[in-house]
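What follows is a short report on a single structure.
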Ligand code: FAD
Ligand code: NAP
């Protein structure tokens, strides 16, 4: 499939083609997929033009590199030559060029905080921003202080022997809006469990546990700062089981680390992180409950220790093909949850309509479980589930059993490529299908419509819902 020349990539309806919310993904040229980028970074080609040398970059120097074929961007004090990456950037060249020759940290955090750029762009690293002493007034106005730079050794309180492989050091970088403190150690796999950060008034303390020693930095700030410990926290979870649900979709059960308590709120997703040929790849997934039917739930598994995912494996998919290769006992990193779904939407809810296509069914799982058990005002729940064929329907028999058990629930399957034996609904999301399906049972009832699937499906659905006079508050669309 990767080499079919006549097919444009991403395919016209691929989820990679368009993203909502004004942030568009652009069609990438053939040979410019993420996997192609990883291959290029491993090819040994000099991607910075500096033959592996790392340099200190001044602001003046950074500003000069502002053209497509010579584009440097600073992220958290580190400067990358992103020209070789231009054609591989899913957001397109223009989006990257918005940060050309400047500090792109804020822009990056707004758009894709979860992308692991350090790993993706490691071969593009030009160096660090040069220390440019900014002389600012101390808050007591007693003396002038240098704000950017390496702290004199005498001001560092540390309990480690100065020799030895893991003796840490630190420095910091500052722009008008951001102070980044970097602690350098030789210790691998440091995670947030081993870091304590406290900030009160003008005192900033960071304690790092390295081996069995504690490294402390304690800084007096001369100006007020707001904390933003940006970056998602990942914990390593162990693959406990993997069960076929359809021919290409599996139920993955991951076990959280013993000291972690994490329950992903309804309607939210997490990011899973795996290393694919040495590069860390991150993709979003929506946790589900282990089952739709309570009697099928494993009785002994406490639900705050395990996290379930329904994941469709794409044979040429970069992440899912790697995920599918994991063995029971292997580890996957799981981020903290994100998403803007509010459970308050269910308050006093009387009718709930769910429109799902393919794995867009995943957010509907917890919604169904919650709505049917915890919303006493609810009179009707209707799910319209779009798939290609009968074989693609996730948890069909569970859905049918649930609808049989709870008379408030109706489920309709719509197939876009059914066999001749199928006598249910056929086709794609359309005004005709929706206007019939979304008929309110009660006049002026409190209604919510949730929709999730491939981006063009969701976008079309939302347009149709507006045409059918559903208000913004009555619609929740799941997107990235
Ligand atoms: P990709 O490499 O991105 O490929 C995607 C598609 O393009 C596949 O069909 C692949 O075969 C095809 N393709 C890849 N490379 C090429 C090429 N060069 N030429 C032609 N075709 C190509 N998915 C789930 O299964 N379960 C979930 O719970 C879930 N939750 C999500 C939550 C959110 C908020 C979002 C935004 C997405 C969610 N997804 C979910 C989708 C998921 O994040 C991934 O997009 C999906 O798993 C595909 O990832 P991949 O890296 O395997 O595929
Ligand atoms: P799929 O099997 O390819 O498609 C499911 C159904 O949707 C099929 O009937 C398909 O029809 C139809 N469809 C596809 N594109 C359409 C379009 N443009 N307009 C109308 N109908 C369309 O789906 P999948 O592979 O499981 O993909 C699921 C998608 O959901 C992924 O893009 C994933 O990223 C997204 N998702 C998002 C979230 C979230 O945002 N929270 C959560 C989970 C999944 P055809 O037969 O014609 O293709």
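FYI, it's all coordinate maths here, none of it is from the lab. Source: prediction; values computed, not measured. Heads up, the Cβs are rebuilt from the backbone with ideal geometry, glycines too, and the neighbour counts pull from every protein chain shown.
If r is the Cβ-Cβ distance from residue 344 to residue 259 and R0 is 30 Å, what FRET efficiency results, to the nearest 0.05? After rounding, the FRET efficiency stands at 0.45. Peptides 326-337, 376-387 ranked from most to least packed give 376-387, 326-337, packing being the mean of other C-beta atoms within 10 angstrom over each peptide's residues.
The spacing between the range 341-401 and the range 450-467, judged by their C-alpha centroids, is 16 Å.
Peptides 450-458, 27-35 ranked from most to least packed give 450-458, 27-35, packing being the mean of other C-beta atoms within 10 angstrom over each peptide's residues. Based on alpha-carbon atoms, the Kirkwood radius and the radius of gyration of the range 322-477 give Rg/Rh equal to 0.98.
Quotient of the Cα radius of gyration of the range 395-480 and 2.2 N^0.38 Å, N being its number of residues: 1.20. Each of 115, 264 was scored by other Cβ atoms within 10 Å of its Cβ. Arranged with the fewest first, they read 115, 264. Once you reduce the range 412-433 and the range 248-287 to the center of their Cα atoms, the two points are 32 Å from each other.
For the listed peptides 308-317, 278-287, a ranking on the average number of other beta carbons within 10 Å per residue, highest first, reads 278-287, 308-317.
With one equal scatterer per alpha carbon and no solvent term, the Debye-computed log10 I(q)/I(0) for the range 25-129 at 0.11, 0.22, 0.24 1/Å reads -0.30, -1.29, -1.52. Counting every C-alpha pair in the range 234-338, the share spaced more than 17 angstrom apart comes to 51%. Between residue 64 and residue 111, the C-beta separation translates, for a Förster distance of 25 Å, into a calculated FRET efficiency of about 0.55.
Fully extending the segment from residue 43 to residue 236 would add 66.5 nm, taking 0.36 nm per residue of separation and subtracting the current Cα-Cα distance. By the count of other C-beta atoms within 10 Å, a proxy for reagent exposure, 114, 37 are ordered fewest to most as 114, 37. In the range 331-375, which residues have a backbone nitrogen under 19 Å from the label point lying 7 Å from residue 422's Cα in the Cα-to-Cβ direction? Residues 355-362 fall inside that zone. The ranking of 466, 476 by Cβ neighbour count inside 10 Å, starting from the fewest, reads 466, 476. Across q = 0.11, 0.20, 0.22, 0.23 Å⁻¹, the range 332-407 modelled as identical point scatterers on its alpha-carbon atoms has Debye log10 I(q)/I(0) values of -0.34, -0.99, -1.12, -1.17, in the order of the q list.
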